[in-house]
Structures are given as structure tokens and as C-alpha cells.
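As C-alpha cells, the structure follows; a few thoughts come after it.
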Amino acid sequence: MCACVCKPPYDSSLTDGQWAVIEPLLPRRDPARGGRPLRYPRRLVIDTILYVLRSGCAWRLVPHDLAPWDVAYRWFRRWSADGTWDRVHDRLRDAVRVADGRDPQPSAAVLDSQTAHSHQGGTAIGFDMGKRTRGRKRHLLVDTLGLLLRVVVHAASVQERAGAKLVLAGVSDEFPLLGLVWADGGYVNRVDAGLLDWAREHGRVQLQIVPRNADVKGFQVLPRRWVVERTFSWLGRCRRLARDYERKPAHAEAMIKVAMIRLMAARLAGEDVKPQGPIETEAARRLNEELNEK
């Protein structure tokens, strides 16, 4: 069995530049604590996880020139439990914001959710009556660059307003400068507008609703709201995220963070990622317009 990083690499594999960004952030192994040396390099393990993420295949179907599936899954599960993915993700997000000339702490964010079909069973699975979908919801809070601040995966039966509370609860403790959050009309209606007061009291943020034009049918690019739609489009490049195949919500959240880690590592390595699809293309056009106006 090959224990090195195999050549030529798969399209999903880390480049040398991306690995140089990620490798210093991974936990260091202390030889003084004993234990035998790692049999498979951590870069090969991450390449195996990325292959599953990008291709959408089952763990047991990874190619034989990558790390064994049970080794890769064990490391993925371990780093999900001990917070390694969280720490790497947050460090890269701060670095991307600084490289873009922003403060590491965001002052504004965008909130939205996405319902995904669930196929493998597991915990926290429900039925979304609005989308007529059995599965889970992915609630994302992103900054104005589209970078992930928080993600909460819960049952699809949980309403938007209840899911927003899971995301916004205590958000000011983690992001003290955050004061404004944009969201769509699904979070407030004529019957229940209590989320606005709840966000101000418990999240210490102002929730501003961006209404949809009811006279226009189909997809609309709404002010500020296109940022989070572009993030969902980025995640859509990973076939593992096209549906929810994870048995635990924590693993579903970790897969989203791994996808963002790969994207941010590419940015920091100076590797351009071209827009794909109409949403990303329109988002790139609007972003260029905003930059030119400044």
C-alpha cells in the first residue's frame, strides 16, 4: 500500500500551495507522549476526505491509491469531535479577511437556510412542509465576503424562525463587532415578527429583512442576499453536499466547514477560482460593481 501522496493527484487533492496554508494549523503530534508513527501522511488523509466531499462517493468506495476509507473516516470523525475543523476554519477565515483588507471581526452578516434531502437516516431528520422535503436544514450565517461564520444543521421540520435562534444565540460573544444581519422575508411575517426583538435582546444584533418583489416570478438577485446564495453555490460544487448523507448533524456541519477550508486555502495560496453557474457569475458582477464604486 502506497503511504505517500500519490502522483498524479486527483482534481480534488490539495495543491502544494493549499497544503502549505493548512499544514501549520493542524494539531502537532508530540513524540514525548509515545505512540507509533503515523502510517499514512495527514495530507493523504485530507486528500481522501476531499475526494469523498467533491465526488460524493461513499467512504468505502474511495480509490485504493488514497488512504484506506476507515483511516480517513476515523480522522474526519476525530477532528470533528475535538474541534480541529473549527479551529482551522476560523483561522483561515480571519486570514482571508485580513488579506482582503478587512477586520478579522465582521460587523455585518447574512442569514439563510437550505433544505437538503436525507438518504442515510440518522438523527435530527424531519419533513419541510414548505419544500416538501424529508431531510435536514443547513442554516448559514456568512459575512459580507460570503465566508462562513456559523453553521447549524437541524431537522427540516424546524421552522425558519426557530432555526435562526439556534444560529444567532450568543453570536455577539463570538463576534463582538457584529451588529447587523440581513435575512429574507421567511424569518418574519404578519403573524409573527418576534424574531426581530429576540435577535436584538438575545443576539444583540439588528435583524434587517430584505423583502422579495412579489410581482417577479422565479429566482431574484436581492440586495445583500446574493452573498449567502453565492456561498450555497460554492458548497454546491461538492457533490457530497448535494444531499445529506451524514448520520449525525455534527458531521454534516463538519463537511460544510471542510468545503470552506479548501476554498479559503485556495484563495490564500493565490489560486483563482472562476465563477461557476449563473448565481456565482451574477454575484461576481455585482461584487465588481461595488468595488468600482468605492
Which trypsin sites (Lys or Arg not before Pro) does region 107-155 hold that lie in a coil by DSSP with at most 11 other beta carbons within 10 Å? Arg132
So how far apart, in nm, are the two label points at Asp94 and Asp70 if each is 7 Å from Cα heading toward Cβ? 3.8 nm
Approximate spin-label separation Asn189-Arg239, in nm, with each point projected 7 Å along Cα-to-Cβ: 3.7 nm
Two-site FRET efficiency, Ala20 against Arg77, from Cβ-Cβ distance with R₀ of 25 Å, rounded to 0.05: 0.45
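Let me check I've understood the local charge: for Ile125, count other residues with C-beta under 10 angstrom from its C-beta, Lys and Arg +1, Asp and Glu -1. What total comes out?
Counting the neighbours of Ile125, the net charge comes to +2.
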In order through region 9-22: 3J(HN,Hα) via Karplus (6.51 cos²θ - 1.76 cosθ + 1.60), integer Hz, x for Gly, Pro: x, 6, 4, 7, 6, 5, 7, 4, x, 5, 5, 5, 7, 7
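FYI, it's all coordinate maths here, none of it is from the lab. Fair warning: this is a prediction, and the values are worked out from it, not measured in the lab. A quick note on method: Cβ atoms are made from the backbone with ideal geometry, for glycine too, and the neighbour counts reach across all protein chains shown.
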